[in-house]
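Novice: The following block contains the structure, expressed as structure tokens.
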Amino acid sequence: MAEESLDAFLESSRNLVDEVLDRWLPGEPECGELALAMRHIVMSGGKRFRPALVLLGCRDVGGRDEDALGAAAAMEMVHAYSLLHDDLPCMDDASLRRGRPCVHLLYGEAMGVLAGDGLLTLAFEVLARGTPANESIGAMTAALARGAGWDGMVGGQVLDLAAEGCEPDLAQVREIHLGKTAALMATSLRLGALAGGGEAADVDRLELFGRGLGLAFQIVDDVLDESLDPVQMGKDTGADADNNKLTWPGVVGLTQAKADARQLVDESCAHAEGGQATGLLVALAEKVLSRQN
Ligand code: GRG
């Protein structure tokens, strides 16, 4: 049987995950503005890249999409909370996200903080209650907490803030990018593989794929932030330079940054060999290099 194309997979993955997100998010009559703010950031497009990684991690070890949908929606909620908080005046003070005004501009800063808190906590409920009975649910919960927390995304964000205005240093940029971006992508693959009942070696192999891919993803993000305008990106661009951020091209230049992303994708794809979704994982990794938003 011919393998499903990447575009067909991404469309079906988006539809499945959007349905789960819509089902779990609160509605306006029950919780008013909080629901509107949570829905504004989640149901506003976005590439749904992390949920796709979750489903592919699950498929790669022979699992079914329905085994991983709770984890996929949980990852997107954590990602959405991070975007919302990252845009706040006390962080990047952004105005545009996914082509729309940021949550704090519509609902105020306090509601922005609370909507992010609501999404982060809802993610754990969706993971726990939206995943079919599975002996790995404890390990999945711990992995999500770790990947999103002090040793993962939040830790990376702290390093990022601390490095503002520092001398360019590639090892430091690598640590920041591994934390603030790659940790959630590695966790997405790990959760998917656990949801699909994968062996420990495959769970670790897929997590490594996600880590390298996540680093490449953030390097491409840095390149796009320097190269594109806000309409093309759907968010403020040039923000890295404005905020004196350490970026990969800021250290090695645009040409070398693109070459480094290419090399990281090639190295990551070695970890995609041997599973049941190798073709789609490799195709998705290639798409990361050619993305324009
Ligand atoms: C706890 C106050 C507080 C803040 C936390 C954790 C955090 C703030 C921010 C996370 C850091 C962050 C936003 C990293 C950027 C990662 C990144 C490349 C985001 C863009 O992802 P895409 O391109 O976005 O997948 P879409 O919109 O397509 O989903």
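Novice: Restricting the first residue to segment 63-86 and requiring it to be more than 15 Å from Thr187 (Cα to Cα) and at pLDDT 95 or above, which pairs with a second residue that is open to solvent by less than 10 Å² (accessible area, probe 1.4 Å) and within 8 Å of the ligand (Cβ to nearest atom) meet a Cβ separation below 6 Å and a spacing of at least six or different chains?
Specialist: The qualifying pairs are Tyr81/Gly116; Leu84/Gly116; His85/Gly116.
Novice: Sort through Ala133, Ala171 and tell me the only one that's modelled with pLDDT of 95 or more, open to solvent by 50 Å² or more (accessible area, probe 1.4 Å) and more than 17 Å from the chain's Cα centre (by Cα).
Specialist: Testing whether each residue is modelled with pLDDT of 95 or more, open to solvent by 50 Å² or more (accessible area, probe 1.4 Å) and more than 17 Å from the chain's Cα centre (by Cα) leaves just Ala171.
Novice: Being crowded, with 21+ Cβ neighbours inside 10 Å and either of a type outside the set (S, T, N, Q) or more than 10 Å from the ligand (Cβ to nearest atom) (or both) is the requirement here; does Val203 meet it?
Specialist: In short, yes.
Novice: Follow-up. Kindly state which helices (runs of 4 or more DSSP H) lie completely within segment 102-174 and contain at least 1 residues that are in contact with a Phe, Trp or Tyr (Cβ under 8 Å, 6 or more places away or on another chain) and acidic (Asp, Glu).
Specialist: 109-130
Novice: List pairs: first in segment 143-162 and open to solvent by less than 70 Å² (accessible area, probe 1.4 Å) and near the ligand (Cβ under 10 Å from one of its atoms), second in a helix (DSSP H, G or I) and of a type in the set (D, E, K, R), Cβ under 8 Å, 6+ apart or cross-chain?
Specialist: From segment 143-162, the pairs are Gly152/Arg146; Met153/Lys180; Gly156/Glu175; Gly156/Lys180; Gln157/Asp86; Gln157/Lys180; Asp160/Lys180.
Novice: Right, next: Only one of these is open to solvent by 30 Å² or more (accessible area, probe 1.4 Å) and within 15 Å of the ligand (Cβ to nearest atom): Pro249, Pro230. Name it.
Specialist: One residue alone meets the criteria, Pro230.
Novice: Can I ask one more? Pick from Arg129, Arg100: which is among the basic types (Lys, Arg), touching a residue at least 12 places away in the same chain (Cβ under 8 Å), within 24 Å of Met38 (Cα to Cα) and within 11 Å of the ligand (Cβ to nearest atom)?
Specialist: From the options Arg129, Arg100, the qualifying one is Arg100.
The values are calculated or read from the model by the stated rules, or taken from the named source; none is laboratory data. Just so you know, these numbers come straight off a predicted model, no measurement behind them. Here Cβ is always computed from backbone atoms with ideal geometry, including for glycine, and neighbour counts include all displayed protein chains. These area figures cover heavy atoms from the full protein model, side chains too; ligands, DNA and RNA do not enter into them. Shrake-Rupley method; radii C 1.70, N 1.55, O 1.52, S 1.80 Å.
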